[in-house]
């Protein structure tokens with residue numbers, strides 16, 4: 001199995017390290033030429049969603065990645081990746097890939113000073129540590145979306161078909177369980 005990791009900006013190296021711990025090969029997706037060989041799955045990391053979205057378009061990668069996801073390529077979007085995948089943003093008029101039927105609020109907990117760490121249950125795993133850094137959350141979901149985790153009555157993780165979105169950064173720390181759950185989704 002080879003997992004493509006969008007490596008334009010943000011926390012992509014930490015995802016690669018987490019996947020290597022699990023014995024999974026990764027390929028960095030930095031330019032259009034990197035899309036010639038379709039990976040088995042894709043991770044859209046945290047970072048700055050506007051920068052990532054603009055670079056995807058400027059580098060000619062946007063349409064290919066969107067098509068892959070629409071055709072069922074498994075994808076995990078964390079923080080900025082969640083924003084890129086969301087069908088709608090409640091507090092921003094930008095629209096990116098729009099493959100995940102949910103409304104997301106950008107910077108929902110405020111700016112950098114609003115960042116925090118907590119522990120909460122994650123469906124199918126148990127309690128996990130969640131690192132929120134200028135994080136979004138999910139305001140509403142469409143039918144067919146499965147809620148995986150909530151913090152303070154806000155949805156912070158969800159799954160739709162072969163797409164998983166998370167407000168927080170599971171790549172920070174040593175806990176590999178969320179990445180394992182994603183990889184199980186890939187192999188089904």
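The values are calculated or read from the model by the stated rules, or taken from the named source; none is laboratory data. Keep in mind that what you see is a predicted model, and the values were worked out from it rather than measured. Here the Cβ positions follow ideal geometry from the backbone for every residue, glycine too, while neighbour counts run over all protein chains shown.
Of everything listed in (1) over 21 Å from residue 185 (Cβ atoms); (2) surrounded by fewer than 17 Cβ atoms within 10 Å (Cβ to Cβ); (3) in contact with a helix residue (DSSP H, G or I) (Cβ under 7 Å, 6 or more places away or on another chain), the single unmet condition for residue 57 is (3).
Does residue 44 count as at pLDDT 95 or above and crowded, with 19+ Cβ neighbours inside 10 Å? Yes; evaluated as a whole, the condition is true for this residue.
Quickly run through the stretch 144-188 and pick out the residues that are touching a strand residue (DSSP E or B) at 6+ places or on another chain (Cβ under 8 Å) and more than 22 Å from residue 12 (Cα to Cα). Of everything in the stretch 144-188, those that are touching a strand residue (DSSP E or B) at 6+ places or on another chain (Cβ under 8 Å) and more than 22 Å from residue 12 (Cα to Cα) turn out to be 144, 145, 146, 147, 148, 149, 150, 151, 154, 155, 160. Anything in the stretch 8-33 that is out of contact with any helix residue (DSSP H, G or I) (no Cβ under 9 Å at 6 or more places or on another chain) and surrounded by fewer than 17 Cβ atoms within 10 Å (Cβ to Cβ)? List them, or say none. 13, 17, 20, 23, 30, 31, 33, listed by residue number. Only one of the numbered conditions (1) out of contact with any helix residue (DSSP H, G or I) (no Cβ under 9 Å at 6 or more places or on another chain); (2) surrounded by 16 or more Cβ atoms within 10 Å (Cβ to Cβ); (3) more than 18 Å from residue 45 (Cβ to Cβ) is violated by residue 122, and that is (1).
Of the helices (runs of 4 or more DSSP H) lying entirely inside the stretch 2-120, those carrying at least 1 residues that are under 22 Å from residue 157 (Cβ atoms) and free of Cβ contacts under 8 Å to residues at least 24 places away in the same chain are 12-21. Would a scan of the stretch 151-169 turn up a residue that is modelled with pLDDT of 95 or more, over 12 Å from the mean Cα position of the chain (by Cα) and within 19 Å of residue 18 (Cα to Cα)? Scanning the stretch 151-169 turns up no residue that is modelled with pLDDT of 95 or more, over 12 Å from the mean Cα position of the chain (by Cα) and within 19 Å of residue 18 (Cα to Cα). Report yes if some residue within the stretch 130-146 is under 16 Å from the mean Cα position of the chain (by Cα) and part of a helix (DSSP H, G or I); otherwise report no. Scanning the stretch 130-146, I find no residue that is under 16 Å from the mean Cα position of the chain (by Cα) and part of a helix (DSSP H, G or I), so the answer is no. Flag not set for residue 19, criterion: modelled with pLDDT of 95 or more and more than 16 Å from the chain's Cα centre (by Cα).
Results for (1) free of Cβ contacts under 8 Å to residues at least 60 places away in the same chain; (2) surrounded by 17 or more Cβ atoms within 10 Å (Cβ to Cβ), shown as yes or no for each residue.
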| position | (1), (2) |
| --- | --- |
| 147 | yes, no |
| 159 | yes, yes |
| 164 | no, yes |
| 176 | no, no |
| 183 | no, yes |
